[in-house]
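The values are calculated or read from the model by the stated rules, or taken from the named source; none is laboratory data. What you see is a predicted model; the values in this text were computed from it and never measured. Ideal geometry is used to build each Cβ from the backbone, glycine not excepted, and the neighbour counts take in all protein chains shown.
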Amino acid sequence: MNADVIVIGAGSVGTPLAMYLSEAGFRTLVIDAGASAGQGNNKCAIGGIRATHGDPAKVALCLDSLAVFRTWQEEHGESIGWHQGGYSFVAYTPEIAGSLRGMIPSQRQAGLDIDWHDPAFIRELIPGINPEGLLGGTFSPKDGSASPMKSCYAFHARAAGMGARFLFRENVVGIDNRAGVYTVRTNRGSYQSRVMVNCAGSSAREIGLMVGIDLPVVPDSHEAGITEPVRRFFHPMVVDLRRAPGSSNYYFYQYDSGQVVFCVSPDPLITGTDHRETSAFLPQVAARMVDLWPSLANLKVRRTWRGCYPQTPDGSPILGQVGPEGSYAAVGMCGQGFMLGPGAGSALARLITGRPTATDLMVMGSMRADREFGSTEALK
Amino acid sequence: MKQDGRISSHPILPSPGGKWVRFYFNDTEYPGIEGEMVSSSVFATGQRVFGHHPKDGSPQGMFCANGQCSQCTLVIDGVARKSCITPLREGMRVCTLEGLPELGTASREFFKPPVSIETDVLVIGAGPAGMAAADEIGRAGLGVLLVDDKDRPGGKLVLQTHKFFGSVSDCHAGTRGVRIAEMLAGSLAAHPTVDLWLSSTVLAVFSDGVVGIQRPDGYAMVRPRRLLVTAGAREKSLPFPGCTLPGVYGAGAFQTLVNRDLIRCSSRIFVLGGGNVGLIGAYHALQAGMTVVGIAEGAARCGGYKVHADKIRRMGVPIYTRHSVISAHGGEKLEAVTLCAVDPAFRSIPGTERSFAVDTLLVAVGLNPVNEFHTRAVEFGMDSRLAGDAEEIAEASAAMFSGRIRGREIACELAPATSACPVDWSGKAEILKSPGGSVLPYSPPDLRSGVFPVLHCTQEIPCNPCMTSCPKDLIGTSGHPILGVPEYSEGCIGCRKCVAVCPGLAVTLVDYRRDPLNPTVTVPWEFSDDLLKTGESVEVTDWEGEVLGRGKVLGVKPAPGYPGTRLLDLLIDSLIANRVAGVRVQAASVTLPLEKPLETLLSDDAVVCRCERVTAGEIRKLLRNGVRDMNHLKAMTRAGFGACGGKTCRTLIESVIRSEGIPQDEVTGFTERPLFTEVELGFFAGQGEDA
C-alpha cells in the first residue's frame, strides 16, 4: 500500500481533508493534475465565508469552517487574509425581503448570528448604497472572508508538514478496485490504498465513474473580478439577489488588503468547464454594481477570471461514503468549496478515521449521494 | 513661459507649444501645458517622488511612462490615476499618493454605453508595423480599425529624433523617426476605409472573439475577421538593490519625457545596456544638454551597432564593457550607482566596484515582445497574426517592412483581387532584421590632396543611405547591397550629402584644396550651437573616441534637405585630419567615479516585483523550499498580483529561477488574465452623472 488514504484533488476540500487525515496519523497521498495546491477552482473562488445558508447541514459545516479561518493566524502564525466583515443580503423587492426574513428563525436555530435590519442600518453598513427602493437587509456579523489561495497553501503546507504526500501534475486516468484495494493510475504511475476520496471538484463525475458511481455533479461557470486596492471603506460581503437580464445574483466585498472582489451568477447558467473569460461579464456586473453603489464607479478593475461551480441538482454537496467500501466523496460543493472545505474536510476525516460526531452523521445523512435531489437551497 | 524643468531649446525638436494652465501639486500652484501628461507637468516642477508604497513606505516615481506599470499613480482631482496617461487640465489638483488611495468620491466621468462593432481587420498598435500594415490593407479597400493607446500615431517613432538605418527605398533610411511617423500617418489618411482610434487601449481579447477597447468616450467591443497585433515591445529590467528608486527608468520612459514632452528630467545619467536602445538613449540625453556619465554593458562588446557606440564614445562617454550596475543608491531618489566588472558568466568580480554620482539610471537591457493579445486570440480560435517587435525584436525599419508584408497577406486573403506580396519582400525583411555583423579592418585613407569622404563605418549593418545619397555614385560596396560595408572610389565633388545623411554620424569630409597642411574637416553636428564658438578650438577624436588633438571651429552650416543635421567645419592639422571622426561634447572630468565605492546591499534585497515590493530573496527562499509554480510564488508573496499585471516582474522572477539553476520547464508560469491595464468600473457601466 502506498498510503492509508488516497485523496484525489488538492483543492478547497481535498487539501484540508489531507491536513485532518494527517493530523489523525493517517498516511495520506494527494494526487492533483495542477502544478500546486488549489490550481483548479479554489483559486477562482472570491473568498467569502458565510454560515448564512438556508440548509442546517451547510450552516453546521460552515460554522466549523469559520472557526478554522478565524483562528488560523492565531494558531499557526501565518495570515490567510481573514477579515470578519459579516455578510449583508440587501433587499430592494418585497419578495426578496420576505424570503430573507422568512429564513431567519431557522438560521438562528442552527446557531447563526443573523438579524434583519432597516434601510438606515444598511446605509450605515454600506455607506453610499443606493437608498432608492432599499427595503432593508440581513446582516450576519460573524461571517467573513479570507484568501482562498493563501488558505489552500496554508492547509497544504500544514498537511505536508504532518506527513501528507502531494503529487502534482498527475492526471488520474483510471481506478481499479480489487479485493478492497484501490489502485489509482495516473499519467505517471499507480498508487494503492484501501481508502480513496473523490475531491475532484469539476472532475468529480469522471472520477466517480472510475469507481462505478454516477455522481450528479455538473459544473457551470461564473466570472469574477478584482479591483485595485483602496483604503477600507466597507466591511461586509454585499449580496444582491435581484435578477437582471443575463444575470441572477451578484456579490462583492473588500478583501483584507483593500481590493474589492466581485462575482456574478449568469442567468441562464452556463454549463461546462470553460474557464475562458467572456466579453459579456464586465459591462454586466459593472452596470449592476454602479447602480447599487454609485461611488464604486471610480474603482479600477484590475483582473477578471472565470471559474466553475460544480453543481448538484439541489445545490447541496455530496459528502460521505459513496459506492463500494472504502470509497468516499466530498464533491458538488456548488461554488462553496472554499467556505465548506475545512468543515467538510474535518467531518469526513472523522468519518474515515472512525470517530464521527452526531452532528457529522446528521450532516452527512442529509448530504448522501443517493438522496432525492428534489428541493433547491434558497441561498445557493 | 520658461520653466527650468523643461528643455527650452533642442537641436532637433521644436518646442511643444500649447496653452499654459495652472495646476496644484500638493497644494502649491504651478504652471503646466494643457493636454500634456500630468507626470510631465509634475516633472517640470522638479518633483520626482510621486508617493510612498503602502507596504514599506518606499518612494515611488516614474518608471515606464507608458501607462503600464502604475508607479506614477497620483491622486488627481480626488481619484488615484496613472499620471503618465492623464492629460493636464486647468485647475487640476494633484497630490502624491501616500499608501493606499481612498475610494475616489469625486463626480464621475461620463461614458457612453458599451458599443459592439464589426470590422474586417483590427490592428493593435499604430507604430511602424501597424501603420505600414494598415496602409496595405486600406489600399485594398478593406475596413481597418487601427487602435493605439497614445494620443498620436507613430508608436516609438515619435521618440526617435535620430536618423534611421535601413535602406532608403524600403524604409526611409536617413530620415528621422519623428518624420517617418508623419509620413506614414499621411499615407493612412488617404485610405477612406482606415479608421484610426487614438488614446484607445486594448483591454482584453475574450473567448467569444471580441476585443475590448477602452476609448476615451466609452467601451467598444470589436469583433474582427482578422486580428493583427503590432503592439511593439516592453522593456526588460534587471533586479539590483535600489532598482525601484525614483530616477531609475526604462530607456523608453526617458525618451518619452525628453523627446516627446521636452522635460529636463535629469542632469547626470548612467546607462545600463549597450544595445541600440541604450546607445541612442545616451545620445538623446546629450542632445538634450544632459551629462552622460557612462554606459555599462555586460558583454565584451556592445550589442548595438558599432557606429552608434563609436559616436557616443567620440562625444566623451565612457563605455564599460563586461560591467554591470550592481546597486542604485539614494534615499527618496537616485543619488548614485555602483558599477562592477563581471566575468563572462556575468558574475560580479569583487574589488572592482566603482560608484558614480548620478540622478538618473536608464535601464536598457533588451526588449520583450508584447504578444499576449495574439497568444490569447490564437487560444480562442481567432485568426491572428503578429508583426514588428511584437513578432520579433528588431529595428523599426524592419518593423515597417514586416507590417507591410503581414498587411498585404491579410489583404490578399480578404480581397482576392489584391496582388500578392512581391517575392523579394521576405528576403528584404530578413536583411533589415539583421543585427550588427562582422567588423572589417578600419583604414582611413592616406591621401593628402583633393576632397574626399572618410567612412568611419566598418561593420556590416543593414544601412545604405551614404551609397544612395552620392550624386556621383561614388560610394558602393563589394559586399551585400544593403548590409555591405561602404567603400569610396575617387571623384568626390565635395557636396557633403553623405556626411549629412549618415544615421551613424560616421562620415566626414576632408578637403585639402584650400590648405594642404591644414585641411577643412566637415563633421555632422546635432547639438546646440552654444557648445561651439567660431574661431575657438575644440577637442577632436578618432573614430572610437580617442582624443587626437584640437581643431579650430570654422563655422556651422545647415545641410539643405537634411533637417536637424548641420555641418561643422573644422580646421585640422593634416597629420590627423583623415582620422578625425568627431568632436567631444563633454569633458572627461564629468565622467569620473566617486573617490570610494559606496556600500552595496545584497542581491537578495533587490526588488523583483515593484508593484507589491517583493524581493529576490523572498522568491529564492520559496524556490529553495521546492515551490515550482509561479502561481504559488504569487499567492505566497503577491509578486505578480499588482497593478501592472505581472508585466514587469515576470521576466525578473524567471531570471531568479534561472539563477537558482532550476530548469525553466520544471516551473509552471503565471496564469494570464485580463485586463491589460486597470480601468474604472464606471467605464464599463457606461453611465455617468455629469455629461
**Asked** Is it fair to say B:THR230 is more than 24 Å from B:THR600 (Cα to Cα) and hydroxyl-bearing (Ser, Thr, Tyr)?
**Response** yes
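Of the residues B:GLY218, B:GLY186, which single one is surrounded by fewer than 23 Cβ atoms within 10 Å (Cβ to Cβ), without any contact (Cβ under 8 Å) to a residue 24 or more places away in the chain and either within 14 Å of another protein chain (Cβ to nearest Cβ) or farther than 18 Å from B:GLN287 by Cβ (or both)?
On the way: B:GLY218 fails: without any contact (Cβ under 8 Å) to a residue 24 or more places away in the chain.
Of the residues listed, the single one that is surrounded by fewer than 23 Cβ atoms within 10 Å (Cβ to Cβ), without any contact (Cβ under 8 Å) to a residue 24 or more places away in the chain and either within 14 Å of another protein chain (Cβ to nearest Cβ) or farther than 18 Å from B:GLN287 by Cβ (or both) is B:GLY186.
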**Request:** Could you check how many residues of the stretch B:92-131 are in contact with an Asp or Glu (Cβ under 9 Å, 6 or more places away or on another chain), surrounded by fewer than 21 Cβ atoms within 10 Å (Cβ to Cβ), away from chain A (no Cβ under 13 Å) and assigned to a loop (DSSP other than H, G, I, E, B)?
**Result:** 1
**Request:** Quick one: in the stretch A:278-321, of everything that is of a type in the set (Phe, Trp, Tyr) and within 28 Å of B:ARG223 (Cα to Cα), which residue is nearest to the other protein chains (Cβ to nearest Cβ)?
**Result:** A:TRP305
**Complete:** Of the candidates B:LEU474, B:LEU432, the one satisfying the condition of being more than 22 Å from B:GLU544 (Cβ to Cβ) and either at pLDDT 95 or above or touching a Leu at 6+ places or on another chain (Cβ under 7 Å) (or both) is B:LEU474
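For (1) touching a Lys or Arg at 6+ places or on another chain (Cβ under 8 Å); (2) buried (at least 20 other Cβ atoms within 10 Å of the Cβ); (3) of a type in the set (A, V, I, L, M, F, W, C); (4) part of a loop (DSSP other than H, G, I, E, B), each residue gets a yes or a no:
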| site | (1), (2), (3), (4) |
| --- | --- |
| B:TRP543 | yes, yes, yes, yes |
| B:GLY549 | no, no, no, no |
| B:PRO563 | yes, no, no, yes |
| B:SER589 | no, no, no, no |
| B:LYS621 | no, no, no, no |
| B:HIS632 | no, yes, no, no |
**Complete:** Taking the stretch B:258-293 and the residues there that are assigned to a strand (DSSP E or B) and among the β-branched types (Val, Ile, Thr), the one that is farthest from B:ALA336 (Cα to Cα) would be B:ILE263
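A quick yes/no check of all residues on (1) within 14 Å of chain A (Cβ to nearest Cβ); (2) more than 30 Å from the chain's Cα centre (by Cα):
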site	(1), (2)
B:GLY551	no, yes
B:ASP573	no, yes
B:VAL583	no, no
B:LEU592	no, no
B:THR600	no, no
B:SER603	no, no
B:ARG620	no, yes
B:GLY626	yes, yes
**Item:** Which listed residue, of B:PRO503, B:PRO516, is of a type outside the set (Val, Ile, Thr), part of a loop (DSSP other than H, G, I, E, B) and under 32 Å from the mean Cα position of the chain (by Cα)
**Value:** B:PRO503
**Prompt:** Just wondering, is there one or more residues in the stretch A:249-267 that are more than 12 Å from chain B (Cβ to nearest Cβ), over 30 Å from B:GLY686 (Cβ atoms), out of contact with any Leu (no Cβ under 8 Å at 6 or more places or on another chain) and assigned to a loop (DSSP other than H, G, I, E, B)?
**Reply:** no
**Complete:** Among the residues of the stretch B:464-494, the number that are of a type in the set (Val, Ile, Thr) and surrounded by fewer than 12 Cβ atoms within 10 Å (Cβ to Cβ) is 1
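So which of A:SER12, A:SER106, A:SER88 ends up being part of a helix (DSSP H, G or I) and out of contact with any Lys or Arg (no Cβ under 8 Å at 6 or more places or on another chain)? Reasoning before the result, please.
Details: A:SER12 fails: part of a helix (DSSP H, G or I); A:SER88 fails: part of a helix (DSSP H, G or I).
Step by step, each of A:SER12, A:SER106, A:SER88 is checked, and only A:SER106 is part of a helix (DSSP H, G or I) and out of contact with any Lys or Arg (no Cβ under 8 Å at 6 or more places or on another chain).
Out of the stretch B:194-207, which residues are in a loop (DSSP other than H, G, I, E, B) and either touching a residue at least 60 places away in the same chain (Cβ under 8 Å) or crowded, with 19+ Cβ neighbours inside 10 Å (or both)? Quick ask: steps written out before the conclusion?
Taking the stretch B:194-207 as the starting set, the residues that turn out to be in a loop (DSSP other than H, G, I, E, B) are B:198-200, B:206-207.
If the condition is that a residue be in a loop (DSSP other than H, G, I, E, B) and either touching a residue at least 60 places away in the same chain (Cβ under 8 Å) or crowded, with 19+ Cβ neighbours inside 10 Å (or both), then B:LEU198, B:SER200, B:PHE206, B:SER207 are the ones that fit.
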**Message:** Among the numbered criteria (1) closer than 26 Å to A:SER202 by Cα; (2) modelled with pLDDT of 95 or more; (3) surrounded by fewer than 23 Cβ atoms within 10 Å (Cβ to Cβ), which one does A:ILE318 miss?
**Reply:** (3)
**Complete:** Selection from the stretch B:267-283 of residues in contact with a Phe, Trp or Tyr (Cβ under 9 Å, 6 or more places away or on another chain) and surrounded by fewer than 24 Cβ atoms within 10 Å (Cβ to Cβ) yields B:ARG268, B:ASN276
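In the stretch B:650-674, how many are buried (at least 22 other Cβ atoms within 10 Å of the Cβ) and within 25 Å of B:SER200 (Cα to Cα)?
Restricting attention to the stretch B:650-674, the residues satisfying the condition of being buried (at least 22 other Cβ atoms within 10 Å of the Cβ) are B:652-653, B:656, B:674.
Subset that is within 25 Å of B:SER200 (Cα to Cα): B:674.
Residues flagged as buried (at least 22 other Cβ atoms within 10 Å of the Cβ) and within 25 Å of B:SER200 (Cα to Cα) within the stretch B:650-674 amount to 1.
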